[in-house]
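Asker: Here you go, one structure.
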Amino acid sequence: TDLTSTSSGPSTHVPATTRLEVSMREAAEGLMQTSSRGIGVDIEPIATIKLNDPDFESSFIQRNFTDQEIAYCRSEGGDPQHRFAGRWAAKEAIIKAITNCAPDSRNLWKGAGAPVNEIEVLPSTSGCPVVILHGHAAEVATAVGVSDVKVSISHSGEYAVAQALAN
Amino acid sequence: TDLTSTSSGPSTHVPATTRLEVSMREAAEGLMQTSSRGIGVDIEPIATIKLNDPDFESSFIQRNFTDQEIAYCRSEGGDPQHRFAGRWAAKEAIIKAITNCAPDSRNLWKGAGAPVNEIEVLPSTSGCPVVILHGHAAEVATAVGVSDVKVSISHSGEYAVAQALAN
Amino acid sequence: TDLTSTSSGPSTHVPATTRLEVSMREAAEGLMQTSSRGIGVDIEPIATIKLNDPDFESSFIQRNFTDQEIAYCRSEGGDPQHRFAGRWAAKEAIIKAITNCAPDSRNLWKGAGAPVNEIEVLPSTSGCPVVILHGHAAEVATAVGVSDVKVSISHSGEYAVAQALAN
């Protein structure tokens, strides 16, 4: 049940790490030891997604979504604007759910302006969305003891909502 | 931990089953063995519920809600339109939460057009809604290892939202 | 731990009730006794918070929020109306999540008009909201076996939503 895409588990021989990684480890060591369960919710107006704006395409879609996500959102069977809004809400909900597992930790994320394409939300065989964490997002999850993230998405009327559960 | 309404557990001497039941068992056997915990969320515009339309009454209310649900939604103390919208969102959230437990399974539900009156959401003594699964919905839950479903509903302004947690 | 509507009958000394109430109780009694895990969701129009109205200030803000919550909602970096709406939704979601843990219990809360300032939602080091229960709210949580409550808040466009998880 490894959520990272690299699947390099913790080992005794730690390679050279950045200051950020050290800080994350220190933060993780200071956590409350109760449950690492966390939840996150997000609501986004669908109008947030301005698909007819070329600047929005390069500054928002290309920065925050992976190629597979973009291909899915633009595939047949659904409204791309709704789908992008739903996935954007999902990524925000996932960040909140992971953060929610470690309230006493300092903020481990890169900042409000950082792209969220390291949090990938793809369709599954069953039809529900599945979460794949890459790079820094996977490191944060590991630092706070999260090995499993579930997400659900809904969009209707003028809003998309998403919720996530991290364990 | 039996979610079915028949409570006939799995046995070595399997009686003649339908193709659907066989498929569900095969799907269940192929599941990831991690946690079967799943979540679901749904948002619905309250205007979706067109109570003044006789066609909507027969095609939507009568197909998707049980007699007890309809009696509750039309009882004193609340707006029927809001209550039907909230319960509709609840049923959708419950389907998602159960599906979310088994992302690698194929879709076990009957399809987008199938009625959801086998997923019953009733008020409890404490005031919170409780979930009772019947028929095919109970079979799907059993197939993916779900024995407990919780749901919460809210409606305010122009929207109803619901979330579900399956274990 | 049976979710069926069939099993177990009604109790012995049932007071005079309507047929609907009896049916609902019978259904509820068949529910599982397993986990005390509960979830709650709430959506609130941000316009619910009328900050320019002096009566609203005394009747709503002062009654329902603690000094620390009010200080946070009015601090730099966010819109007070959005923040109060989000925290109001959070308090409602928390009540639902705790209630959701014990569907068969009678309603333990003080009533719809009771202030909710005993449910305190404060920012944490990590940035996620944390829940602190005081007085009667803490007693209710203890009574239904809840020792941990997580909450998440989102506000965007014209709505605030929140979800809570009680364990």
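This table checks each residue for (1) among the polar types (S, T, N, Q); (2) in a helix (DSSP H, G or I); (3) in contact (Cβ under 8 Å) with a residue 24 or more places away in the chain; (4) out of contact with any Leu (no Cβ under 7 Å at 6 or more places or on another chain).
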| site | (1), (2), (3), (4) |
| --- | --- |
| C:Ile43 | no, no, yes, yes |
| C:Asn52 | yes, no, no, yes |
| C:Asp55 | no, yes, no, yes |
| C:Phe60 | no, yes, no, yes |
| C:Ile70 | no, yes, no, yes |
| C:Gln81 | yes, yes, yes, no |
| C:Arg87 | no, yes, yes, yes |
| C:Lys91 | no, yes, yes, yes |
| C:Ala102 | no, no, yes, yes |
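Asker: Within region A:144-167, how many residues are buried (at least 24 other Cβ atoms within 10 Å of the Cβ) and charged (D, E, K, R)?
Answerer: Going through region A:144-167 one residue at a time, the tally reaches 1.
Asker: So A:Asp104 clears everything in (1) more than 15 Å from the chain's Cα centre (by Cα); (2) within 23 Å of B:Ala89 (Cβ to Cβ) except one condition, right? Which one?
Answerer: Of the numbered conditions (1) more than 15 Å from the chain's Cα centre (by Cα); (2) within 23 Å of B:Ala89 (Cβ to Cβ), the odd one out for A:Asp104 is (2).
Asker: Okay, moving on. Is it true that some residue in region A:115-136 is within 10 Å of the chain's Cα centre (by Cα) and free of Cβ contacts under 8 Å to residues at least 40 places away in the same chain?
Answerer: Checked against the condition, which is being within 10 Å of the chain's Cα centre (by Cα) and free of Cβ contacts under 8 Å to residues at least 40 places away in the same chain, region A:115-136 yields at least one hit.
Asker: Same structure, new question: Which number in (1) more than 10 Å from chain B (Cβ to nearest Cβ); (2) over 20 Å from C:Ala47 (Cα atoms); (3) not hydroxyl-bearing (Ser, Thr, Tyr) marks the one condition that C:Lys91 misses?
Answerer: (2)
Asker: May I ask you to list the residues in region C:153-167 that are under 17 Å from the mean Cα position of the chain (by Cα) and under 10 Å from A:Asp42 (Cα atoms)?
Answerer: C:Ile153, C:Ser154, C:Ala160, C:Val161, C:Ala162, C:Gln163
Asker: Filter region A:117-137 for residues that are open to solvent by less than 10 Å² (accessible area, probe 1.4 Å) and within 16 Å of A:Ile98 (Cβ to Cβ) and give the result.
Answerer: A:Ile119, A:Val121, A:Leu133, A:Ala137, listed by residue number.
Asker: Additional query: All but one of (1) at the interface with chain A (Cβ under 8 Å from one of its Cβ atoms); (2) more than 22 Å from A:Ala166 (Cα to Cα); (3) not charged (D, E, K, R) hold for C:Val161; which doesn't?
Answerer: (2)
Asker: Working only within region B:127-148, note down all residues that are among the aliphatic types (A, V, I, L, M) and farther than 18 Å from B:Ala114 by Cβ.
Answerer: Once the filter is applied, which keeps residues that are among the aliphatic types (A, V, I, L, M) and farther than 18 Å from B:Ala114 by Cβ, region B:127-148 yields B:Val130, B:Val146.
Asker: Taking region B:132-152, which residues are at the interface with chain C (Cβ under 7 Å from one of its Cβ atoms) and assigned to a strand (DSSP E or B)?
Answerer: Across region B:132-152, the qualifying residues are B:Ile132, B:Leu133, B:Lys150, B:Ser152.
The values are calculated or read from the model by the stated rules, or taken from the named source; none is laboratory data. Predicted, not measured: the structure shown is a model, and the values here were computed from it. Using ideal geometry, Cβ is built from the backbone for each residue, glycine included, and neighbour counts are taken over all protein chains shown. To get the accessible areas, we keep the full protein, side chains included, count just its heavy atoms, and leave off ligands, DNA and RNA. Shrake-Rupley method; radii C 1.70, N 1.55, O 1.52, S 1.80 Å.
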